[in-house]
Amino acid sequence: MENRRNSSIQATGYLLVKVEDTRPKLIAVGCVISTMCLPNLEFQLVNPTTQVALFSICVGSCTDIQNITWNIYQGLDNSSSNTTQWILFNQMISYENIWFFGRNTTNFTATNKLFLENSQIKLWRFEVIYALTSEISTSALNFAINQPPYNGSCSINPLNGTTSTLFTISCPDWFDEDGIKDYSLYVWKKDSSERLMIAFSPVSLFQVRLPSGDNQTSILNIVIYIRDLLDCLTEMNMSSISVMPDLSTITDLINNLQSSSNIIQNNPIVQLLASGNQNIVGQIITSVSQQFNKMNNESLDNAASNGIPLASISIASLGSTNSQEISIPLNASALTEYNKELNSQANVRDYLIKFTNKLAITTSNSIKLQSSSLAQLTQATNQLKRSSSLLASNKCYQLSLALHSMATKIPYEDVQAASTSLIQCATNVLTV
């Protein structure tokens, strides 16, 4: 080295460097559902409405693993230096087994609550640390939040009607850099966690038939999901509407089914079912089933109030319309009327369920819609004939196989929603 002011003053120094070949273990990290973590330069895109499920693998011989720890960092962009500052997320312990699962295992899951409750953060880093006997190896994945569709609106017309009314849904002006994939409509009455899927559409203008609203107020709540091509969702809560049951149409269906085959073919409900459109079929089955389930509960209450033991009417005869023998005194006319209603409604369910077997299974939306309507149709187990039970069981099995084949390609939330309905359907048919 040479002095800057006096070039005659010089100094010599040296540094000894010892290079050791430590060969640290290679830790591979990836997403359990690869389609949910699409690469975008140095980041993986993640949807804020879905969970992140990661796996890690120690490549090679890793028999001396002492501990595994996952950490999460929030990213802050420094535009002046074009760098990202990573800050440790310090609430992992507080939310362990609430938002975060498997922090000390090879697989780690963070629920969507992490992103939804920290919506101002757009960059995240998930780091895994493997502590081995003689070394520590780390690996990480950086994520960027995929922005959901925005700038649009949704409306429904009319704002009141019956279960036979054709409602028009319009969702114009939605934009997303990745493109809009589809629009899904859900309804609920009192509990928003009990949402039912009613329709899905690739276009922003579509029509639906809705089930009846709350038993006392007829109010029906509606929410629409707008989804982009990377499965990122925007949830649009719409104004509540009033939907009354069209009891005359349902009565006609029951009466027509008891008449000649020619009459039933001209029934408007049957003609809609014959269309083979899974949106239309799902809507009709959900609407009719909900009304039948309500009528069944009322019939059970009425039968019980007339001295018919619930144990004797909880399960309908599967092979015939003959009532079970009851050894205790009861109101004979009430039993006759109950059996008449039970058998007529059981015949309709048996007729309706045949239309579900003809529906194609295409996407996760298809599975969610069909499994939801089947769960409604099979809910009143005392009105299921053996033929109905077998057909529903077969369709639920087909839907389950289709869901299993898609499970590692679609969002966890879609799998969960479809699974819940399929489990309910299986429980219903196995109760018979």
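Bear in mind that the values in this text are calculations on the coordinates, not laboratory data. Predicted, not measured: the structure shown is a model, and the values here were computed from it. Here the Cβ positions follow ideal geometry from the backbone for every residue, glycine too, while neighbour counts run over all protein chains shown.
Points to keep in mind about this one:
- Counting only residues at least eight positions apart within a chain, or on another chain, the lysines with an alpha carbon under 17 Å from that of LYS385 are LYS340, LYS354, LYS395.
- Values (1) 21, 42, 25, 9, 3, 1, 0; (2) 25, 58, 17, 0; (3) 23, 43, 29, 5 are given for comparison; P(r) over Cα pairs in 20 Å bins from 0, in percent, derived from the coordinates here, is the one labelled (1).
- Which of THR356, THR217 has the fewest Cβ neighbours within 10 Å, and the rest in rising order: THR217, THR356
- Spread of Cα-to-Cα distances over 10 Å intervals beginning at zero, given as percent, for segment 246-431: 9, 35, 33, 17, 6, 1
- Fewest-first ranking of GLU337, GLU117, using other Cβ atoms within 10 Å as the exposure measure: GLU117, GLU337
- With Cα atoms defining each centre, segment 103-142 and segment 181-216 are spaced 36 Å apart in the structure.
- Counting neighbouring beta carbons within 10 Å and listing from fewest to most, the residues MET238, MET244 come out as MET244, MET238.
- Annotation: the antiparallel percentage among DSSP beta bridges lying fully within the chain is about 90.
- In whole angstrom, segment 111-246 maps to an equivalent ellipsoid with semi-axes of 41, 18, 11, each derived as √(5λ) from the alpha carbon gyration tensor and ordered largest first.
- Our summary gives the chain a relative contact order of 12 percent, counting only alpha carbon pairs under 8 angstrom and 6 or more residues apart.
- Rg/Rh (Cα only; Kirkwood hydrodynamic radius) as it applies to segment 343-432: 0.98
- Applying D = kT/(6 pi eta Rh) to segment 26-145, where Rh is the Kirkwood radius over alpha-carbon pairs, T corresponds to 10 °C and eta to 1.306 mPa s, the Stokes-Einstein value obtained is 106 µm²/s.
- Relative contact order for segment 155-243: 33 percent, from Cα pairs under 8 Å spaced at least 6 residues apart, divided by residue count.
- Listed by chain and number, the lysines placed with their C-alpha closer than 27 angstrom to that of LYS190 are LYS113, LYS294, LYS368; residues fewer than eight positions away on the same chain are left out.
- Using Cβ point charges alone (K and R +1, D and E -1), the dipole size of the chain about the Cα centre works out to roughly 460 debye.
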